[in-house]
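Computed from the coordinates by the stated procedures, all read-outs in this text should not be read as laboratory data. Predicted, not measured: the structure shown is a model, and the values here were computed from it. Methodologically, a virtual Cβ is constructed for each residue, glycine included, from the backbone with ideal geometry; neighbour enumeration extends over all protein chains shown.
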Amino acid sequence: MSLTFACITPHTPLLMPTIGKDNLALLAKTQKAVQALEQELYVSQPETIIIVSPHGDSLADALSINFTPKYRTNFAEFGDLTTKMEWRADVMLIDRIREDFKDKHLPLSMASNENLDYGTAVPLFYLTQHLPKVQIIPILTAGLDTKTHYNFGRELKDEIMSSTKRVAVIASADLSHRAGENSPEGMSPRGVAFDDKVQEIVSKKSPIGIIDIDDAWADEAQACGAKVIALLCGMLDEVHFEPQVLSYEKPVGVGYMVAQMKIS
């Protein structure tokens, strides 16, 4: 069945009830949208979820697949020692991607860490509540440019489209960390423009537009999710989808967007 679901969702630890606590009320729109997204993902009944994160032990010169038989949450750095969830790897699809990418001249490395970074774990906490048997493939971005991530996504899409499995992709991406006057880093016009550009790319169904966002722009906007979104846009190249921005808000000065690309 190949690609059945695609979305962009934030990964702020403030969304975790055990971490955000009273601050969770500030993210009410985002939390409600993520919960709606969970229902849509459940309806699509994926066998495998590819989730792309900008955090974790990323490399400067290669994207990484975290390949270990079992994964678990670890929110200890945020003081949460109680949240425990586990997932299994899609070993066969990971192995196939690894072998096929040897001939694609795109930098791919393999890592192995059972403890998932929060950029991976927060979305999975919400979105797999009713998918206990789903397998996952965690991918980390690299210190490479936006276009490389876009091209990586295009090649990854070809692998998925030739698979017999139902595959979902989650782009774990906060937008600009300088999108509001209350941003800890201070507001930047380029941060506001970044968030506007990403929403335009989604709403106008123009994945190639992500290439207009170069590294200098993303760096000034302090947008950790730029390369994640670029990879997703590559996966959506020449794929028919209907976009739906479920929410956008910046209550703490960081842009949080929840969006689904309904594959048809």
Fill in the blank from the handout: With only helices counted (DSSP H, runs n ≥ 4, each -39500 (n - 2.57)), the per-residue ellipticity at 222 nm for the chain, to the nearest 500, works out to -10500 deg cm²/dmol
Practice task
List, in order, the whole-Hz ³J(HN,Hα) value for each residue of the stretch 44-53 obtained from phi through the Karplus relation with A = 6.51, B = -1.76, C = 1.60 and θ = phi - 60°; use x for Gly and Pro.
Solution key: 6, 6, x, 8, 9, 10, 8, 10, 10, 10
Fill in the blank from the handout: Yeah, the chain with a ≥ b ≥ c from its alpha-carbon gyration tensor (a/c under 1.5 is rounded, else prolate when a/b outruns b/c, oblate otherwise) is rounded
Practice task
Give the peptides 239-245, 176-182, 198-204 in descending order of average Cβ contacts within 10 Å, highest first.
Solution key: 176-182, 198-204, 239-245
Handout entry: the stretch 134-264, dipole about Cα centre (Lys/Arg Cβ +1, Asp/Glu Cβ -1), debye to the nearest 20
Key = 460
Handout entry: Nonlocal amide H pairs with MET85, under 5 Å, H built at 1.01 Å
Key = THR73
Practice task
Would you mind getting me the FRET efficiency between ILE211 and ASP57? Use the beta-carbon distance for r and R0 = 25 Å, nearest 0.05.
Solution key: 0.40
Practice task
Using Cα pairs closer than 8 Å and at least 6 residues apart in sequence, work out the relative contact order for the stretch 2-263, in percent.
Solution key: 30
